[in-house]
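Trainee: Handing you this structure, nothing more for now.
Quick note: the coordinates plus some simple rules give every number you see, no bench work behind them. This is a predicted model, so every value here is computed, not measured. Cβ atoms come from the backbone with ideal geometry, glycine included; neighbour counts cover every protein chain shown.
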């Protein structure tokens, strides 16, 4: 009886060891899925007006360059403060502004020094995508060739139309969908670089 018990125990141990070896071999040979970084490369033109003045994003502190990236997934570079670059599915406008130390909600736009521009009795925050009012604000997922306007103030409809027309349409150059207008700058400095994979916020 004891001999049969020992034999079945030994068999069980051998099966467990064999199963462990097979599992170890499987996990070693099965490649780890790569992160979604770089699964797409979208570009969007954008402008932000605060009390009728266009905000200047063409500043070094907002740029992601070879020596340091604020975010590997969405950023500005080449000292161009009017084109958002998006490198991963699911990235929203809120993610972009967060990466440069700002925030956007349905009622407030907050710049990186903490100044908040919020809805009140006379001024409102409005969000346009491709000329149309949009209610998603920070939840809006950026799409290729979008033209985005964020406007805070008490502008008339005519003034808003002027702001809308000021949003550039140069994203197609970076997305290479308008070759007649030139080639984009080299963007290899950021995507996949060690600096991008270990981003640091620089305010």
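Trainee: Rank the residues 147, 181 as a footprinting-exposure proxy: fewest other Cβ atoms within 10 Å of their Cβ go first.
Mentor: Details: 147 18, 181 12.
Ranking 147, 181 by Cβ neighbours within 10 Å, fewest first, gives 181, 147.
Trainee: On to the next question. Per 0.36 nm of contour for each residue apart, how much would the distance between residue 41 and residue 154 grow if the chain were fully extended, relative to their Cα-Cα spacing?
Mentor: Details: separation 113, 0.36 × 113 = 40.68 nm, distance 3.53 nm.
Length gained between residue 41 and residue 154: 37.1 nm.
Trainee: Can you say what percent of the DSSP beta bridges in segment 42-197, counting only those with both residues inside, are antiparallel? Round to 5.
Mentor: Values: 23 of 30 bridges.
Of the beta bridges lying entirely in segment 42-197, close to 75 percent run antiparallel.
Trainee: Under the definition of Cα pairs under 8 Å and six or more residues apart, what whole-number percent is the relative contact order of segment 42-197? Mind showing how you got there, number by number?
Mentor: Numbers: 300 pairs, mean separation 47.0, N = 156.
30 percent.
Trainee: Grab the Cα-Cα distance for residue 80 and residue 134, subtract it from 0.36 nm times how many residues apart they are, and report the gain in nm with one decimal. Working shown, then result.
Mentor: Values: separation 54, 0.36 × 54 = 19.44 nm, distance 2.47 nm.
Working it through step by step, the gained length comes to 17.0 nm.
Trainee: How much length, in nm to one decimal, is gained on full extension between residue 53 and residue 164, taken as 0.36 nm per residue of separation minus their Cα-Cα distance? Numbers along the way, then the final one.
Mentor: Values: separation 111, 0.36 × 111 = 39.96 nm, distance 1.31 nm.
This chain segment gains 38.7 nm when fully extended.
Trainee: Arranged by the count of other C-beta atoms within 10 angstrom, fewest first, what order do 93, 125, 149 take?
Mentor: Numbers: 93 26, 125 19, 149 23.
Listed from fewest to most nearby Cβ atoms, that is 125, 149, 93.
Trainee: Within segment 139-182, find all residues whose amide N lies under 20 Å from a label point positioned 7 Å from the Cα of residue 110 along Cα-to-beta-carbon.
Mentor: Residues passing the 20 Å test: 139-140, 150-153.
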